[in-house]
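Take a look at the structure below.
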Amino acid sequence: MGSTSPLATPDDRISPKKRGAWHDVQQPGHCISPKKSRTWQDVQQPVQNLDWVSTMPDDILIKILSLMTVREAARTGCLSSKWKHLWENIHCLRLTARAFGMQVLEPNYHENLDFWNSEATKFVHKVNELLRHHSGNGVQRFKVRFPLTSAHAADLDRWVAFAATSGAKNLEFSLFNRHDDMLINVRAAHAQLLHMDVYKCKSLISISIHAEKLKCFSYMGHNVDVEYQYAPVIQTLHAHFVKKNECPLERIGALPELRKLSLQFLSRLQAYGNLHPQSKVKVIWPKKCTLGRLHTVRIGGFSGEPELMQLLFFLLRRSPVLKNLLIDPQQRHYQGLDRWKTVKAADDATRCYYARGVALTHLPPKVPSTLP
């Protein structure tokens with residue numbers, strides 16, 4: 001009898017070409033290409049290579065950190081030894097409650113003085129700690145926004161001194177506190193300061209500026225005594241006043257380089273139709289004041305009041321090289337650092353129509369030949 005053929009196996013019924021594939025399916029371990037086994041070091045190396053940000057120059061990293069809040073920037077110090085002290089050189093110091101991760105005070109914060117005092121103390125402590133760790137070099141913008149009072153005057157003086165010694169070019173303090181009635185002074189001495197903004201300091205009575213390179217000064221609030229004589233090259237002055245019959249004309253003659261003057265006044269509907277007689281307006285016009293370099297004047301919130309008309313006449317008489325006169329009846333709120341927000345009210349159309357009529361009726365005869 002012939003030998004019996006062995007039973008066919010699955011491999012016998014599969015072509016040699018496909019048999020290898022079938023064998024791989026049965027033994028998946030053979031699917032791995034014969035490469036060197038990957039170790040933890042091999043896995044870690046690509047991850048380290050992905051940290052290309054750390055390979056960037058320090059000055060670029062500092063610019064990136066300067067876009068963050070001070071709290072976020074400080075947290076990067078725990079990333080590695082390279083990052084440990086980078087945040088101490090950030091160029092922009094925006095010192096606000098939100099920047100420190102604190103609770104933002106509600107508009108009625110003054111109703112709970114104990115809570116406000118606790119938050120103010122915490123804020124001052126955080127600012128002092130931050131400035132203690134900062135290198136004090138290369139600061140371009142120094143901004144403080146928190147409701148403080150004259151009780152914190154010593155800390156404010158130290159902060160201004162820090163901004164001065166660090167070379168800050170933009171200085172902004174927003175210390176509005178509707179509950180405080182105490183009076184304080186602000187003294188700014190900074191050889192490199194280029195832009196200064198004082199915004200809603202209710203308790204302020206005077207400002208003394210010692211900044212030989214200051215070119216732009218912005219102020220919003222009530223009328224205060226401002227010493228300009230040690231800021232001889234101011235070219236741009238923004239003033240936003242919250243009370244009637246207030247204007248900085250008594251000091252404007254101390255600005256020989258002034259080229260752009262922007263005055264913003266609050267506008268009220270009752271201003272037209274019930275205007276005060278001009279004889280009752282108490283405005284003191286400087287006798288010896290010639291604005292020899294002033295070429296642009298902007299009056300905002302104009303409603304046709306007699307005192308503002310007299311102000312315009314005064315500026316037209318004393319500005320021999322004036323080229324641009326902008327009269328804007330729109331109501332705008334000054335937000336600091338030359339930022340304005342237009343506010344539209346239901347009565348704006350009627351008020352603006354009246355204001356334009358007053359300007360077109362009384363201004364043309366007074367316009368000098370220097371204006372186009």
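Things to note:
- Checking each residue in the stretch 332-341 for being touching a strand residue (DSSP E or B) at 6+ places or on another chain (Cβ under 7 Å) and either over 19 Å from L308 (Cβ atoms) or modelled with pLDDT of 70 or more (or both) picks out Q335, G336, L337, D338, K341.
- Index of the failed condition, L311 passing every other in (1) within 30 Å of the chain's Cα centre (by Cα); (2) aliphatic (A, V, I, L, M); (3) at pLDDT 70 or above: (1)
- Residue match in the stretch 145-159 (condition: modelled with pLDDT under 90, of a type in the set (A, V, I, L, M, F, W, C), surrounded by 15 or more Cβ atoms within 10 Å (Cβ to Cβ) and in contact with a Ser or Thr (Cβ under 7 Å, 6 or more places away or on another chain)): yes
- Residue in the stretch 140-151 that is assigned to a loop (DSSP other than H, G, I, E, B) and either over 26 Å from E106 (Cα atoms) or small (G, A, S) (or both) present: yes
- Entry remark, the stretch 77-94: residues being in contact with a helix residue (DSSP H, G or I) (Cβ under 6 Å, 6 or more places away or on another chain) and either exposed (fewer than 15 other Cβ atoms within 10 Å of the Cβ) or in a helix (DSSP H, G or I) (or both) number 7 in total.
- Residues in the stretch 126-147 that are more than 28 Å from C216 (Cα to Cα) and among the charged types (D, E, K, R): K126, E129, R132.
- Extreme residue, modelled with the lowest pLDDT, among residues of the stretch 237-258 that are surrounded by 18 or more Cβ atoms within 10 Å (Cβ to Cβ) and under 16 Å from L322 (Cα atoms): I252
- Entry remark, the stretch 117-137: residues being surrounded by 15 or more Cβ atoms within 10 Å (Cβ to Cβ) and touching a residue at least 40 places away in the same chain (Cβ under 8 Å) number 2 in total.
- Cβ-Cβ distances below 9 Å connect the following pairs, each with a first residue in the stretch 57-75 that is hydroxyl-bearing (S, T, Y), a second residue that is in a helix (DSSP H, G or I), and a separation of six or more residues or different chains: S66/A73; S66/N89.
- Contacts under 6 angstrom Cβ, first residue in the stretch 343-365 being among the acidic types (D, E), partner surrounded by 11 or more Cβ atoms within 10 Å (Cβ to Cβ) and modelled with pLDDT under 80, 6 or more apart: D347/L269
- Residue, nearest to the chain's Cα centre (by Cα), within the stretch 95-116, restricted to residues that are loosely packed, with under 14 Cβ neighbours inside 10 Å and either among the β-branched types (V, I, T) or part of a loop (DSSP other than H, G, I, E, B) (or both): R98
- Residue match in the stretch 50-72 (condition: of a type in the set (F, W, Y), exposed (fewer than 11 other Cβ atoms within 10 Å of the Cβ) and either within 27 Å of G101 (Cβ to Cβ) or modelled with pLDDT of 50 or more (or both)): yes
The values are calculated or read from the model by the stated rules, or taken from the named source; none is laboratory data. Note that the coordinates shown come from a computational prediction; the quantities given were computed from them, not determined experimentally. Glycine also receives a Cβ, built like all others from the backbone with ideal geometry; neighbour counts cover every protein chain displayed.
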